[in-house]
Amino acid sequence: MDKKNYTIRVRDLVLGDGIPKICVPLTGRNRQELAEQIEQVRECPHDLVEWRADYYEGERQEILQELSRIREALGKDTPIIFTFRTKEEGGEREITPEEYRKLNLAAGAEGKADLIDLEYNRGEKMIREMIQGVKEKGTMALCSYHNFKSTPQAEKMVKIMEKMQQLGADVVKLAVMPESSRDVLALMEASLEMSENKGKCPFITMSMAKAGVITRLAGALTGSAVTFAAAAQASAPGQVSAWKMPEILEIMQ
């Protein structure tokens, strides 16, 4: 069956159509590090930028102020994903569930980021409310599922992505850790099922670490809309250099 194209427009970028788009993370711990990374991003191939705000050493108001500075530095054309990944989700910092809720809703209300990444593992009730709250502010919601220990069966991964769609996400993301080559194939099988039959919005899938690198390159085959690549510091295991990514994606296409 042919892949279906469910697309959204983020500024002037269309997600879910054509070659997977390249997203580069910002992981600076302070303003100076972020400024240096932004200069590197400007020089390397990219379509959108993810700010991993959990790396930043500041509280909510400082984070929101820095988000405004990042928007100004990147200009009006570059889509930005705002992500605060807590330690229990594979990120850098611990914050309370209430502070997590307030921070993401505030980031959505700022209007500087285009997508707010919300972790599915926080529970359906909370995520449904947060997705609704972010979208009411005019910002898109990216709902993500991370498993840094293993890879569920393909059928379960499809059900997780379907549920994230049902909760109202504009984009869904699923990242899992492979323990074998079959786990990598299971992730690709789940991606194809979403692309051919179950998808109702753009999705992003990846199998992490060295074993799963092929999944970051094969979005043209599996339907994954975005691939994450490193300009400087990688934000997840298995990220390929952003400098190499365009040529690889063209070959895979």
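The values are calculated or read from the model by the stated rules, or taken from the named source; none is laboratory data. Everything quoted here is computed from the prediction, not taken from an experiment. Here the Cβ positions follow ideal geometry from the backbone for every residue, glycine too, while neighbour counts run over all protein chains shown. Side chains are part of the model used for accessible areas, which takes the heavy atoms of the whole protein and leaves out ligands, DNA and RNA. Shrake-Rupley method; radii C 1.70, N 1.55, O 1.52, S 1.80 Å.
So in region 82-139, with the set limited to residues that are open to solvent by 20 Å² or more (accessible area, probe 1.4 Å) and under 17 Å from P25 (Cα atoms), which one is modelled with the lowest pLDDT?
G90
List the number of the failed condition for D54; all other conditions in (1) outside any loop (DSSP other than H, G, I, E, B); (2) under 16 Å from the mean Cα position of the chain (by Cα); (3) modelled with pLDDT under 95 hold.
(3)
Can you find a residue that is open to solvent by less than 20 Å² (accessible area, probe 1.4 Å), without any contact (Cβ under 8 Å) to a residue 60 or more places away in the chain and within 24 Å of E92 (Cα to Cα) anywhere in region 225-233?
So far as region 225-233 goes, no, none of its residues is open to solvent by less than 20 Å² (accessible area, probe 1.4 Å), without any contact (Cβ under 8 Å) to a residue 60 or more places away in the chain and within 24 Å of E92 (Cα to Cα).
Find all pairs meeting these conditions: Cβ atoms under 8 angstrom apart; at least six residues apart or on different chains; first residue within region 158-182 and over 17 Å from I204 (Cβ atoms) and among the charged types (D, E, K, R); second residue modelled with pLDDT of 95 or more and surrounded by 16 or more Cβ atoms within 10 Å (Cβ to Cβ).
E179/T151
Going through region 186-218 one residue at a time, which ones are open to solvent by 20 Å² or more (accessible area, probe 1.4 Å) and within 16 Å of Q166 (Cα to Cα)?
Listed by number, the residues that qualify are N197, K198, K200.
If you go through region 141-168, how many residues are open to solvent by 10 Å² or more (accessible area, probe 1.4 Å), of a type in the set (G, A, S) and within 12 Å of the chain's Cα centre (by Cα)?
Residues in region 141-168 being open to solvent by 10 Å² or more (accessible area, probe 1.4 Å), of a type in the set (G, A, S) and within 12 Å of the chain's Cα centre (by Cα): 0 in total.
Looking at (1) within 20 Å of D12 (Cβ to Cβ); (2) out of contact with any strand residue (DSSP E or B) (no Cβ under 6 Å at 6 or more places or on another chain); (3) open to solvent by 30 Å² or more (accessible area, probe 1.4 Å), which one does C44 not meet, given that it meets all the others?
Against the list (1) within 20 Å of D12 (Cβ to Cβ); (2) out of contact with any strand residue (DSSP E or B) (no Cβ under 6 Å at 6 or more places or on another chain); (3) open to solvent by 30 Å² or more (accessible area, probe 1.4 Å), C44 comes up short only on (3).
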